[in-house]
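What follows is a set of notes on a single structure, which appears directly below.
The values are calculated or read from the model by the stated rules, or taken from the named source; none is laboratory data. These numbers come from a predicted model, not from an experiment. Neighbour counts run over all protein chains shown; Cβ positions are idealised from the backbone, glycine included.
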Amino acid sequence: MTKAAIIAENKEIAKEYKELLKISYRTLSAADKKLIRSAFDVAVDAHKNQRRKSGEAYIFHPIAVAKIVASEIGLGATSIIAALLHDVVEDTEYGLADIEQMFGETVARIVDGLTKISALEYDSNVSLQAENFRKMLLTLNEDIRVIIIKIADRLHNMQTMDSMPEDKQVKIASETLYIYAPMAHRIGLYNIKTELEDLGLKYTEPEVYNDILSKIKDSKEEQDQYIKEFSKVLEKSLDDEKLDYEIKGRPKSIFSIRRKMITQSVSFDEVYDKFAVRIIYKSDTESEKFFAWKIYSIVTDHFQPNPMRLRDWISSPKSTGYEALHITVMGLKGRWVEVQIRSERMNEIAEKGYAAHYKYKNTEKEDGGLDDWLDKLQETLQNEEINAVDFVEEFKLNLYAKEIFVFTPKGDLYSLPKGSTALDFGFHVHTEVGLHTRGTKVNGKLVPLSHELKSGDQVEIITSAKSIPSANWLNFVVTGRARSKIKSSLKAEQKQIAADGKIVLARKLRSLKITLDERTINQLVGYFKIKTSLDLFYRIGAGIITNPMLKDYAAARSNKFVSFFKNRIRKPSFPEEINKDELTFKYDQLVFGKEEEKLDYKISSCCNPIPGDDVFGFVTVNEGLRVHKQNCPNALQLQSHYNYRIMPAKWIDSTQQEFKANLVITGIDAIGLVSNVTKVISNNLHIDMKTVHFDSDDGIFTGKITVIVKNKSILDNLVKNIKKINGIDKVTRV
């Protein structure tokens, strides 16, 4: 670089630094400014020999991140300093001890968290990516500012990606859509979330992005004129009420327009609410609600509202702290217009997220208020049972979900993601309530556990100490919290059954003169074509592997299978006489969607999933349904770009499938007979009684019972035990 260029660059760096101090959202004291200056000097020195891909001095990046943190997010001096230093420990000779000595323990902790996150990024393996994401979220509990500064860092990287290779652009943009945009949404950084989504679309689907952008630009003049005319209609009435207000037009984001085009199967011209009108008014806190509804009344006096599109987030703010009234009205020329009504305080919260929310609460903490959310998050993060990819998918569900508001019988208000069921509500109230849910009432009426709740519902959970989760509960819930708790409970139950099964197996083998040791377990796992010793013990405990089956094993062990097992233990490959396709057909079936449909599919060659792998279906354009592993190298890209084409899928082990059986019981009527029959059924942990009906006629009774069982041996045992009851004549399976 020439001397003149260096002087010009230094001037530009100084100008950026001064602007950082000027645009800070919070008031900076002289001491704050002195520390920020020190941090700036350290960052300039540390990065003096570094340049970005674009060729500009690297120091412009940390300054830009600090400006986003200071102005757009509205954090204070500690966060501005950490943002300036966020790449120093990772990229330069400065160590964490140096940062702590110069700027204190808090700044060092935040910089350390940011350094750890940077070390985790950009892994093509989705399961590793998911595990890294889980680790990243663990830093939240130490200091929420870590993730907020990381979001600012990602925003600036997205804004300056033009000089990067195309494959890197797509990779970073996909990760942004997959992780960072949902996270910004959850923290209440709506403006940043919108920009991250638009930039994500710009690099993942550039043609679509540019097409919509050009159409928005073409229609901008017409929209500005429309908003002007719309505002003019309202202004006289608002002025008559002596309100201090401002009316702004806001175009919808490119990403949200694209999403509407896909979900509603419409063209750009058919998307009816491509912009919103925002009315921002001045008010003291006590009068905010009164003025909001006054403005609502004025707007609806002039324009007919759509009653289905009223959103009152003033009476019940979102869990992110967002407050506003949203109404959709039929505007001029027969066009729908969304009108957002906010006070200046509400607008700041919408623009800046939690930083503004807690400014108005006058808390001593600079950036606080996520306590409830962090507690729930930490509980999920520390659950080692849950698979990392499942965790990310379930966590994302909760990040983006719209909210509904429901009541307890006592009138307490809870917010839940839209689509939540009565069972989700049980887990939301308390884990123990959820785990012991026996039934649910909504608005005083008994409803199934899968009943979808609506805003305003009053929900009562009926519990029983004997009730425990079953596998089909996973089909009744949508929230990550409920799913993780049910899975943990099922695994705990499975472990208990397996522990009992191990004792039973040792006893049964002893009677067959076989010792239960590692070699025997390996033989049994191979013989019954199952995956692990835990599966083996579970199936013994659940009665899936019966005495005759163990006797067959003992016979096989003592003669022709001896040589097979020697080979089996040495080599994992199947012997020639066992047909792989036949094994898969008999033991494993792939099903898709909530309804567990069997569809035609092809296995993807990129990851080659086998029975038992965690998988998903992807609907291709020309090749039908393709099945990928959840940790397939291509999964991240597919889930980020084409989420609407993803179809949930899972392998069902047919030996663990549940079956419905109808029994007809006849006998001599006697007092307590019905009670004895139902007691026999309910005492068996592995049988679920669905329907029961008894009729008595002149001393003879007939009963019809429908039960769900895992296999025929469990059903045979049930029939045998019912027949033992005094007075039972016949038990037949229909």
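So here's what we get for this one:
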| item | result |
| --- | --- |
| Residues of the stretch 150-175 that turn out to be buried (at least 24 other Cβ atoms within 10 Å of the Cβ) and among the β-branched types (Val, Ile, Thr), as a count | 1 |
| Any hit, the stretch 435-456, residues being within 30 Å of Asp535 (Cβ to Cβ), in a helix (DSSP H, G or I) and either in the same structural domain as Ile314 (by TED's automatic domain parsing) or hydroxyl-bearing (Ser, Thr, Tyr) (or both) | no |
| Tabulated pairs, the stretch 327-350, first outside the structural domain of Ser283 (by TED's automatic domain parsing), second in a strand (DSSP E or B), C-beta under 8 angstrom, 6+ apart or interchain | none |
| Residue match in the stretch 551-569 (condition: in contact with a helix residue (DSSP H, G or I) (Cβ under 6 Å, 6 or more places away or on another chain), at pLDDT 80 or above and of a type outside the set (Asp, Glu)) | yes |
| Output for the stretch 305-345, where each listed residue is at pLDDT below 90, under 21 Å from Ser231 (Cβ atoms) and either in a helix (DSSP H, G or I) or among the polar types (S, T, N, Q) (or both) | Asn306, Arg309, Thr328, Leu332, Lys333, Gly334 |
| Boolean, Gly419 is in a loop (DSSP other than H, G, I, E, B) and of a type outside the set (Lys, Arg) | yes |
| Extreme residue, farthest from Gly672 (Cα to Cα), among residues of the stretch 688-730 that are among the charged types (D, E, K, R) and in a loop (DSSP other than H, G, I, E, B) | Lys710 |
| First in the stretch 230-246 and buried (at least 16 other Cβ atoms within 10 Å of the Cβ), second anywhere and among the β-branched types (Val, Ile, Thr) and at pLDDT below 90, Cβ under 7 Å, 6 or more apart | Phe230/Val337 |
| Residue in the stretch 346-362 that is modelled with the lowest pLDDT, counting only those that are within 16 Å of Glu288 (Cα to Cα) and surrounded by fewer than 19 Cβ atoms within 10 Å (Cβ to Cβ) | Lys361 |
| Spans of helices (runs of 4 or more DSSP H) in the stretch 1-77 with at least 2 residues surrounded by fewer than 18 Cβ atoms within 10 Å (Cβ to Cβ) | 3-23, 30-46 |
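Yes/no per residue for (1) touching a strand residue (DSSP E or B) at 6+ places or on another chain (Cβ under 6 Å); (2) in contact (Cβ under 8 Å) with a residue 40 or more places away in the chain; (3) not aromatic (Phe, Trp, Tyr):
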site: Phe694; (1), (2), (3): yes, no, no
site: Ile700; (1), (2), (3): no, no, yes
site: Lys720; (1), (2), (3): no, no, yes
site: Ile725; (1), (2), (3): no, yes, yes
site: Lys730; (1), (2), (3): yes, yes, yes
site: Val734; (1), (2), (3): yes, yes, yes
